[in-house]
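The numbers here are math on the coordinates, done by the rules we state, and not lab data. Not measured: the values here are computed from a predicted model. Note that each Cβ is placed from the backbone with ideal geometry, even for glycine, and that neighbours are counted across all protein chains shown.
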Ligand SMILES: [Zn+2]
């Protein structure tokens, strides 16, 4: 049997690969385009003399989603997904546990990470702080019971300026029950595990469910349904005058 046989791949399928192009400034919804009103939070963008078009404003604000090499980056993330799927969520192979997939995905993020969690462990907060040295990390953290962890998350902003956390000690009105971690709008983890090493290690033993999502439409849906409304909070429906600050 020949080993260098070409794999079938129809380049026409690339025409269906339409990752999100822009993020809403207020709710961080991932959208194919945004011209006027965000369909997720209802924020209205108002054109000004300074910014007579939406495109320039979003570009200057860093809200357009572009990658150094989209195909290469997508392949990198897809490899992580394949490894965790092949190890059956980490249960059949100790060489690629879910925690490794999470750390590799955080390490591979090129633009942003969005997540929701109930509780947070020091180990994973450290991983997020490290990730936030390179990319924007935004998270909604509910159920923070320890004062030390709350201080760790809310103080020391200058250690990781790209880390943006909204932390609550209880379970706030806005908190979504679905736990998600979205990497660059291209890949996501969803399931019952929180941002704690205990949760992710339980998943390796089948005691928590973590599913990796690589369907871009579903990744966007998870982000816009579970993260964005909570991230917008009371700011939903505001008007944004497009100026350079
Ligand atoms: Zn929005």
Shape call for the chain from the C-alpha gyration tensor, a ≥ b ≥ c root eigenvalues: rounded (a/c under 1.5), prolate (a/b greater than b/c) or oblate? oblate
What is the antiparallel percent of DSSP beta bridges lying wholly in the chain, to the nearest 5? 50
Once you wrap a convex hull around the alpha carbon atoms of segment 19-121, what is its projected area averaged over all directions, in nm²? 8.7
With 0.36 nm assigned to each residue of separation and the Cα-Cα distance removed, residue 107 to residue 10 gains 31.9 nm
From the Cα gyration tensor of segment 73-150, with a ≥ b ≥ c the square roots of its eigenvalues, which class applies: rounded if a/c is under 1.5, or else prolate if a/b is larger than b/c, or else oblate? oblate
Simple spin-label model, 7 Å along Cα-to-Cβ: residue 18 to residue 82 in nm? 2.7
Dividing the mean separation of Cα pairs under 8 Å (6+ apart) by the residue count of the chain yields a relative contact order in percent of 26
Over segment 88-214, what per residue volume does the convex hull of the Cα atoms give, in whole Å³? 96
For segment 88-214, what does the relative contact order come out to in percent, with C-alpha contacts under 8 Å and a separation of six or more? 31
Applying the gyration tensor rule to the Cα atoms of segment 141-245 (axes a ≥ b ≥ c; rounded if a/c under 1.5, else prolate if a/b exceeds b/c, else oblate), the class is oblate
Given a Förster distance of 51 angstrom, what is the FRET efficiency for residue 151 paired with residue 214, based on the Cβ-Cβ distance and rounded to 0.05? 0.90
Grab the DSSP H runs of the chain that are 4 residues or longer, score each as -39,500 (n - 2.57), total them, divide by all residues and round the 222 nm result to the nearest 500 deg cm²/dmol. -8500 deg cm²/dmol
Could you list 40, 135 in order of exposure, starting from the residue whose Cβ has the fewest other Cβ atoms within 10 Å? 135, 40
With a 10 Å Cβ neighbour count serving as the proxy for reagent exposure, in which order, fewest first, do 154, 131 appear? 154, 131
For 130, 30, 241, 77, ascending order of other Cβ atoms within 10 Å (fewest first) is 241, 130, 77, 30
